[in-house]
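Please treat every number below as a calculation from the coordinates, not as lab data. If you're wondering where the values come from, they're calculated on a predicted model, not measured in any experiment. Ideal geometry is used to build each Cβ from the backbone, glycine not excepted, and the neighbour counts take in all protein chains shown.
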Amino acid sequence: MSDLNVTVAKCAGFCFGVNRAVTITQEGINSGKKIATLGPIIHNKFVVDEFAKQGVRIINSPLEANEDETVVIRSHGVTKQEQSQLEERKIDFIDATCPFVKKIHNIVSEAHEKGSVIIIIGDKNHPEVIGINGWCDNSAFIVKNEEEAEKLPFFDKKDVCIVAQTTFEREIWKKITKILKNTCQSAMFFDTICSATNERQKYAAELANISDVFIVVGGKHSSNTKKLFDIASRLCKHTFLIEDASELPENITEYGNSIGITAGASTPERIIKEVLQTMVEEKNTNIQGNGEPTFAEAFEESLVTLNTGQVVNGTVISITPTEVYVDLGYKADGIIPADELTDDPTATPADVVSIGQEVEVFVVRVNDVEGYVKLSKKKIDAMKGWKSIEDAYESGEILTGRIIENVNKGVIATVNGCRIFIPASHAAERFISDLAPLVGTEAKFKIVNIREDRRGKKAIGSIKVVASKEREEKVAAFMSEVEVGKTYTGTVKTLTNFGAFVDIGGVDGLIHISQLSWQRIKHPSEVLNVGDSVEVYILEVNKETGKVSLGFKRAEDNPWEIAKSKFNEGDIVNVKVVRLVPFGAFVELINGVDGLIHISQIADKRIGKVSDVLNVGDFVDAKITEINWDEKKIGLSIRVLIEEAKKDEETSTEDAPADVEVNQEEVAEAPVEE
């Protein structure tokens with residue numbers, strides 16, 4: 001058989017969290033402290049045995065710790081109760097919990113305090129999951145597969161917080177979360193699978209798929225190592241899990257000449273090197289690095305650290321509601337907090353970036369102790385955008401930005417990643433006292449000033465300058481074609497005591513209150529609201545001042561025109577008394593048309609006061625005696641009806657037959673029937 005070709009997967013061996021925990025423990029030993037670890041520091045017997053030889057003992061409970069010992073909390077983390085026990089006993093301890101696990105503790109603790117249901121996707125017996133559950137009073141629902149997820153209750157009226165064990169398999173996570181999206185009506189999903197774990201599994205799967213033999217190096221009790229073995233086994237028939245070089249299969253050459261190797265996150269570099277060395281010496285192999293540097297070189301490269309102030313490129317690997325995780329190609333992933341993504345407070349991380357997107361970021365802080373790199377995207381955007389702001393200032397270019405904040409004496413707009421201050425006096429063409437409605441809107445503005453103080457450069461913008469210029473252009477175009485009587489459709493912009501201003505295509509015209517209704521009104525709001533679409537016509541235009549008077553009332557709605565078609569002199573109408581005056585009573589024929597019954601026409605006799613006969617609100621019958629449509633006057637009379645009624649009564653009496661007188665003699669002489 002030809003020589004064997006061995007390819008080492010990228011991302012094999014210690015992850016950042018494990019490396020940190022091992023380093024912390026070793027530093028404690030080197031400083032002369034008596035070290036005890038709360039549980040095995042990592043799931044690798046070789047590392048645990050080496051520490052044991054240096055005097056490190058394993059305790060299973062904080063209550064077992066001695067007062068003169070320093071307890072190291074392992075990378076998997078512990079429960080809140082266990083940490084509290086160490087604090088209460090005043091035992092010196094070092095928290096070596098993986099920063100990514102610690103983040104999950106914070107998420108579930110905060111959600112639990114708010115009353116949310118906690119769901120952990122992971123292995124309930126894994127120490128990491130046990131620790132996480134301890135930060136929500138052991139109240140979490142824990143599921144590890146689709147079948148268990150299907151059995152969860154239906155959470156229709158509760159907020160649900162969903163997290164994952166950092167070493168969980170992503171494909172299973174996706175299947176479970178798909179189920180939970182249907183059973184949890186108000187759920188917040190936190191993809192807390194460690195990106196390094198995900199990358200390790202991804203590269204292992206790719207390599208196993210093209211290998212004749214696949215070897216996974218790591219502790220048999222390590223969760224992430226077993227997951228690597230499970231994933232590789234599905235893709236490569238001849239997959240082996242070994243803890244060190246002594247367990248290499250004897251007959252490995254029988255399965256083929258292409259061998260892939262990966263290692264769990266808790267596998268020391270020296271164990272991997274021993275496996276490779278054994279294969280070189282005994283199996284006559286050619287070691288490769290999957291198109292990457294050799295394992296040793298890759299491992300050394302992974303230890304490179306970043307410096308604060310650097311500008312680097314990375315790939316978005318995970319998005320949560322509050323943060324974005326970025327693969328920087330270094331020992332730790334970078335984190336962009338939501339407030340460092342964009343200046344727009346209404347935007348969510350998912351609105352700004354997407355998984356797989358390459359981003360340029362600014363390194364705000366590198367914290368090797370806590371194990372994270374804080375990044376800023378908006379700082380880079382601002383650095384790039386400032387040049388465009390300066391150019392716009394010089395050229396007078398009109399910019400379009402989004403107003404994101406209402407601040408003292410103005411608003412803040414953002415454009416090209418830069419914050420622009422717009423004073424209240426420049427926030428609109430006309431001064432407005434309440435700027436809050438502007439937040440969230442798009443606006444056009446010019447940079448009118450750039451100044452520098454101890455906090456840096458600041459740009460001042462003006463919406464008013466742009467709006468005024470646009471209005472001048474619109475007014476000029478409008479005036480060139482406007483005609484009295486021409487009809488426009490406009491939008492009501494503001495209401496005043498004397499009328500309504502209407503935007504008719506960039507030009508504001510006034511509908512005077514007298515033109516809003518045929519009836520008497522006290523305020524324009526009785527007829528119109530701001531934002532209403534209205535049809536108006538030009539009453540008058542002053543091209544010198546730019547003032548436009550608008551008509552709104554339609555002739556066909558004029559109540560006097562309606563009355564002209566309904567009433568004639570001599571008609572008898574039932575009317576309502578609406579107003580009493582010394583000389584008579586005004587009555588309403590229809591809405592908007594009143595007539596007068598003179599005091600002399602109220603009764604058929606002389607009366608002292610109108611109120612002696614009529615009251616406001618009374619309905620009476622009256623006869624129309626006079627109409628002057630030009631002067632809009634109608635005269636009515638109740639007296640005429642009364643007199644006509646009396647005359648009709650007298651006429652009826654005169655026409656009736658007189659009483660018949662009886663002649664007694666004629667009666668006496670009348671024949672009597674027998």
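Before moving on, here are some points about what is shown:
- Computed from Cα positions, the angle between helix 463-479 and the longest principal axis of the chain comes to roughly 40 degrees.
- Degrees, to the nearest 10: 378-395 long Cα axis against longest axis of the chain: 50 degrees
- Relative intensity, log₁₀ I(q)/I(0), of segment 350-472 from a Debye sum that treats every alpha carbon as a point, q = 0.12 Å⁻¹: -0.53
- Ignoring aspartates and glutamates fewer than eight residues from LYS151 along the same chain, none have Cα atoms less than 12 angstrom from its Cα.
- Reachable lysines from LYS566, criterion Cα separation under 26 angstrom, eight or more residues apart if same chain: LYS553, LYS576, LYS623, LYS632, LYS633
- Inter-label distance, nm, simple model (7 Å from Cα along the C-beta direction), GLU588/ILE521: 1.7 nm
- Packing order of peptides 186-192, 380-386, highest average first: 186-192, 380-386 (average count of other Cβ atoms within 10 Å over each peptide's residues).
- Using only alpha-carbon positions in segment 311-376, the gyration tensor eigenvalues give semi-axes of 18, 13, 10 Å once each is multiplied by 5 and square-rooted (largest first).
- Counted over the chain, the DSSP beta bridges are approximately 60% antiparallel.
- The string of couplings for segment 601-608 from the Karplus curve (6.51, -1.76, 1.60, θ = phi - 60°) is 10, 7, 9, 8, 9, 6, 10, x Hz, one whole number per residue in order, with x for Gly and Pro.
- Set the Cα radius of gyration of segment 482-553 against 2.2 N^0.38 Å, with N its number of residues, and you get 1.00.
- Radius 14 Å from Cβ of ILE271, net charge of other residues (Lys, Arg +1; Asp, Glu -1): -3
- Cα long-axis angle, helix 269-282 against the chain (0 to 90 degrees, to the nearest 10): 50 degrees
- The chain: C-alpha pair distances exceeding 51 Å, %: 47 percent
- Proximal charge balance of GLU429 [Cβ under 15 Å; K/R count +1, D/E count -1]: +3
- Pairs from LYS124/LYS178; LYS102/LYS178; LYS474/LYS547; LYS33/LYS227; LYS103/LYS377 whose Cα-Cα separation, in the structure shown, is over 24 Å: LYS102/LYS178; LYS33/LYS227
- If R0 equals 25 Å, the separation of the Cβ atoms of GLU150 and GLU110 corresponds to a calculated FRET efficiency of about 0.35.
- Net lengthening on full extension, THR348/GLU254 (0.36 nm per residue, minus Cα-Cα): 28.4 nm
- Computed 3J(HN,Hα) for segment 178-193, one whole-Hz value per residue from the Karplus formula 6.51 cos²θ - 1.76 cosθ + 1.60 where θ = phi - 60°, is 4, 5, 5, 5, 8, 9, 10, 6, 10, 10, 10, 9, 10, 6, 9, 5, glycine and proline marked x.
- Between THR320, ILE450, GLY506, the Cα set farthest toward the positive side of the dipole of the chain (charges on each charged residue's Cβ, about the Cα centre) is that of ILE450.
- Gain in span if fully extended, VAL616 to ASP49, counting 0.36 nm per residue against the direct Cα distance: 193.5 nm
- Computed [θ] at 222 nm, deg cm²/dmol, the chain (DSSP H ≥ 4; -39,500 (n - 2.57); rounded to nearest 500): -8500 deg cm²/dmol
- In this simple spin-label approximation, TRP560 and ASP434 carry label points 7 Å from Cα along the Cα→Cβ vector, and these lie 4.0 nm apart.
- For PHE240, the residues 5 or more places off, or on other chains, whose built amide H falls under 5 Å of its own are PHE214, ILE215, VAL216.
- Taking only the Cα atoms of segment 100-193, the ratio Rg/Rh comes out at 0.92, with Rh defined as the Kirkwood radius.
- 12 Å beta-carbon shell around THR414, net charge (K/R +1, D/E -1): -2
- Ranked by how many other Cβ atoms sit within 10 Å of their own Cβ, fewest first, the residues GLU544, GLU360, GLU405 fall in the order GLU544, GLU360, GLU405.
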